[in-house]
Amino acid sequence: MQIEVFTIADAATISGGKLNLLGSFDRLMARQFPAQHHACVVVTKLRLSDDDSGHHELRIRIIDPDGNDVIQPAQARFSPQIEFGQSGHHTHLWHIHGFPIPKAGVFYIDAIVNGRLLARTPLFVEEAKPHPTQQ
């Protein structure tokens, strides 16, 4: 099992077996903290082999610079049945509305499968500097 796609984006859908992504990002700006990001989606697409048939648990979490969860982690169970010599995939979209951002720093988004960290991607959160004409 390996990660094929793991990102945070403005939007994502699955249609006709195709994953559609809009606005993948790794940086957020806020004028003050705590802040909140209106809406986003964490996209996880796993590539599976015939060895991956059976039951699995996916857990996705977002942690702040201190290692604390900033939102309740997403959890999903999936049970692929893949024929010998074939491959398949499992795609999970975690839509988040009102993502809390307590402070600036490097946040991490983790994909954990069966208790094992499979992927980690950073999310850089910065304080927006006022435009010179707004001072």
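Remarks
- Of all residues making up region 17-68, the number that are exposed (fewer than 15 other Cβ atoms within 10 Å of the Cβ), among the aliphatic types (A, V, I, L, M) and more than 16 Å from the chain's Cα centre (by Cα): 1
- Scanning region 5-24 for residues that are on the phi < 0 side of the Ramachandran plot and free of Cβ contacts under 8 Å to residues at least 24 places away in the same chain turns up S15, K18, N20, L21, L22, S24.
- Every residue from region 1-16 that is out of contact with any Gly (no Cβ under 8 Å at 6 or more places or on another chain) and either surrounded by 14 or more Cβ atoms within 10 Å (Cβ to Cβ) or of a type outside the set (A, V, I, L, M, F, W, C) (or both): M1, Q2, I3, E4, V5, F6, T7, I8, A12, T13, S15, G16
- Test: residue in region 77-85 that is modelled with pLDDT of 95 or more and of a type outside the set (A, V, I, L, M): yes
- Qualifying position, being part of a loop (DSSP other than H, G, I, E, B), of a type in the set (F, W, Y) and either farther than 26 Å from I14 by Cα or free of Cβ contacts under 8 Å to residues at least 60 places away in the same chain (or both), among F124, F107, F84: F84
- Residues in region 87-104 that are under 16 Å from the mean Cα position of the chain (by Cα) and either outside any strand (DSSP E or B) or among the aromatic types (F, W, Y) (or both): W94, F99.
- Filter pass, H131 being surrounded by fewer than 12 Cβ atoms within 10 Å (Cβ to Cβ) and under 27 Å from L28 (Cα atoms): yes
- Reported count of residues in region 69-102, each being surrounded by 13 or more Cβ atoms within 10 Å (Cβ to Cβ), out of contact with any Asp or Glu (no Cβ under 7 Å at 6 or more places or on another chain) and not polar (S, T, N, Q), is 14.
- Candidate set from region 103-116 (those that are surrounded by 11 or more Cβ atoms within 10 Å (Cβ to Cβ) and of a type in the set (G, A, S)); member that is farthest from Q36 (Cα to Cα): A111
The values are calculated or read from the model by the stated rules, or taken from the named source; none is laboratory data. Here the structure is a predicted model, which is why all the values come from computation and not from measurement. No Cβ is skipped: glycine too gets one built from the backbone with ideal geometry, and neighbour counts run over all protein chains shown.
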